[in-house]
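The values are calculated or read from the model by the stated rules, or taken from the named source; none is laboratory data. Here the structure is a predicted model, which means the values were calculated and not measured. Please note: Cβ atoms are built from the backbone with ideal geometry, for glycine as well, and neighbour counts cover all protein chains shown. The area values use the complete protein model at the heavy-atom level, side chains included, leaving out ligands, DNA and RNA. Shrake-Rupley method; radii C 1.70, N 1.55, O 1.52, S 1.80 Å.
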Amino acid sequence: MRDIGRLALASTTIFSLIASTACTASSGESGDGGAGPSSKPASTAPGTAGAAGIGDPDFPKDGNGGYDVRHYRLKLGYEPAAKRLDAVASIDATALQDLSRFNLDLTGLDVRTIKVDGAPAAFSREGHELTVTPAKTLAAGRPFAVRVAYGGRPEPIRDADNLGVYGFIPTADGAFVTCQPNGAKTWFPANDHPADKATFDFEITVPKGVTALANGEMAGRPRESGGKTTFVWRERHPMVTYLATMTLGKFQLREGRTAAGLPNLAAADPEYASALNDLYTLSGKITDYWSTVFGPYPFGSTGGVVDDYAAGYALENQTKPMYGGFDPDEGIIAHELAHQWFGNSLSIKRWQELWLNEGFATYAEWLWSEHKGEETAEQIFQRHYGSLESPMWEYPPGKARPDDLFNNSVYTRGGMTLHALRQRIGDKTFFDLLRAYTARYKYGAVTTDEFIAMAEERSGKQLDGLFQAWLFTPQRPASW
Ligand SMILES: [Zn+2]
């Protein structure tokens with residue numbers, strides 16, 4: 001994600017924030033004694049409930065415990081005029097413990113029926129938690145299939161002080177769907193935390209004339225029937241839930257391949273038609289360049305989407321970064337496409353390690369500037385380092401704060417951390433390290449400790465002092 005003024009745009013939603021915060025707090029601790037409230041540790045005893053959170057200390061109700069999703073198949077019908085979603089989510093998962101019941105995350109919307117392995121299941125709802133009780137206990141280690149039929153009018157999450165407006169955002173001609181950090185639950189039942197990645201199929205039916213854009217590649221041409229069009233998209237590589245999208249509206253498309261041969265799709269709302277060709281060309285050029293710097297591109301296609309919803313930010317949706325209501329410049333395209341490696345292929349297990357996404361994507365902006373013969377990464381680093389009064393010196397980026405997750409320090413001081421590392425170990429070792437890192441953890445998840453261990457392993461240097469000074473100390477590093 002990169003912000004271009006999100007907080008100013010979101011300031012009118014402050015009353016919604018107060019309401020939604022109160023709602024979240026009250027649903028968290030009370031529990032009903034059986035749905036696995038976060039205060040109760042996940043039990044591994046036979047036939048117990050899966051935990052209501054996946055175990056992220058800063059977001060204790062996000063995601064769920066007790067199972068691992070392998071695949072989501074989402075059949076989604078949307079009527080922009082009525083702002084109405086009608087959907088069936090089929091989820092293939094594996095039980096990690098014997099499960100008498102388990103939770104999904106879903107906010108708003110009405111659940112009609114749930115089946116587990118073809119048999120009707122009981123369910124209850126409390127806040128964002130959808131608790132499912134299958135007819136029979138699910139055995140540890142065994143796959144199971146959940147089918148949820150649901151619908152209603154999806155609404156985004158509004159968090160003006162911290163996270164902005166995100167999730168399923170209805171627009172005049174469709175929807176703008178960007179879900180970081182936990183907004184997937186506004187449009188499908190999910191294990192909504194990056195620690196559980198899965199592959200996705202999307203089958204999206206919209207009125208004729210509306211284009212549906214989702215992750216991955218289109219399977220066949222759109223089908224027309226009865227005044228409606230159905231688009232089928234497949235993301236066959238593992239993806240975290242916050243990167244899933246079903247962005248809908250009137251779009252102009254440009255399709256082709258990058259110079260290196262990768263499928264490339266750019267889409268622009270007619271209001272941003274003049275941005276389409278640059279978006280297409282730059283996305284292709286930058287993806288090809290990053291493939292030489294960061295290692296082979298991890299996914300099946302690249303591109304980007306400019307919609308007319310004034311989100312004030314861009315989000316790196318897998319294979320299709322979204323630019324909300326502005327004509328993206330090269331720096332922000334370089335940032336979002338670098339995330340395809342850092343954040344998307346290599347995802348984080350805990351939100352507090354967000355610098356592994358944003359520090360790397362910010363540093364990529366500096367590398368792109370250097371590549372273009374403009375300001376070098378060293379010059380940009382020195383410019384920030386010379387800013388003696390910056391608030392980022394008091395915010396160590398190695399542990400992002402849940403109440404200020406997207407702080408500038410996570411981006412800029414995170415990027416500076418990588419430059420300090422590059423200064424210390426030299427260009428050859430630094431860029432070899434980046435490629436080895438993206439190869440070792442491809443499609444997986446990473447931690448800061450794993451990155452540091454790998455940097456030490458590849459360089460043969462003791463680097464804990466450097467990372468301690470840059471990532472974990474609330475002051476401007478003096479030496480490293
Ligand atoms: Zn970002």
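Table for the structure above
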{"read-out": "Reachable aspartates and glutamates from residue 461, criterion Cα separation under 17 angstrom, eight or more residues apart if same chain", "value": "427, 432, 449, 450"}
{"read-out": "Computed FRET value (nearest 0.05) for residue 221 with residue 257, which takes r as the C-beta separation and R₀ as 25 Å", "value": "0.90"}
{"read-out": "Percent of beta bridges antiparallel (DSSP, the chain, rounded to nearest 5)", "value": "80 percent"}
{"read-out": "Extension gain (nm, one decimal) between residue 387 and residue 281, 0.36 nm per residue minus Cα-Cα", "value": "34.7 nm"}
{"read-out": "Most to least packed among 54-67, 199-212 [average Cβ atoms within 10 Å]", "value": "54-67, 199-212"}
{"read-out": "Phi to ³J(HN,Hα) by Karplus 6.51 cos²θ - 1.76 cosθ + 1.60 over the range 279-289, Hz, x for Gly, Pro", "value": "4, 4, 5, 5, 4, x, 5, 6, 4, 4, 5"}
{"read-out": "Under 26 Å from residue 208, Cα to Cα: lysines that are on another chain or at least 8 residues apart", "value": "75, 83, 228, 250, 320"}
{"read-out": "For the range 146-222 versus the range 325-396, the gap between their alpha-carbon centres in whole angstrom", "value": "26 Å"}
{"read-out": "Residues of the range 347-472: accessible area per residue with a 1.4 Å probe, Å²", "value": "40 Å²"}
{"read-out": "Peptide ranges 243-251, 439-447 listed from the most packed, as the mean C-beta count within 10 angstrom indicates", "value": "243-251, 439-447"}
{"read-out": "Relative contact order %, the chain, counting alpha carbon pairs below 8 Å whose residues are six or more apart", "value": "12 percent"}
{"read-out": "Rounded accessible area per residue of the range 105-195, 1.4 Å, Å²", "value": "34 Å²"}
{"read-out": "For the range 43-117 versus the range 416-459, the gap between their alpha-carbon centres in whole angstrom", "value": "35 Å"}
{"read-out": "Linear extension gain, residue 375 paired with residue 429, 0.36 nm per residue minus alpha-carbon span", "value": "17.2 nm"}
{"read-out": "Length released on extending from residue 454 to residue 119, taking residue separation times 0.36 nm less the Cα-Cα span", "value": "115.9 nm"}
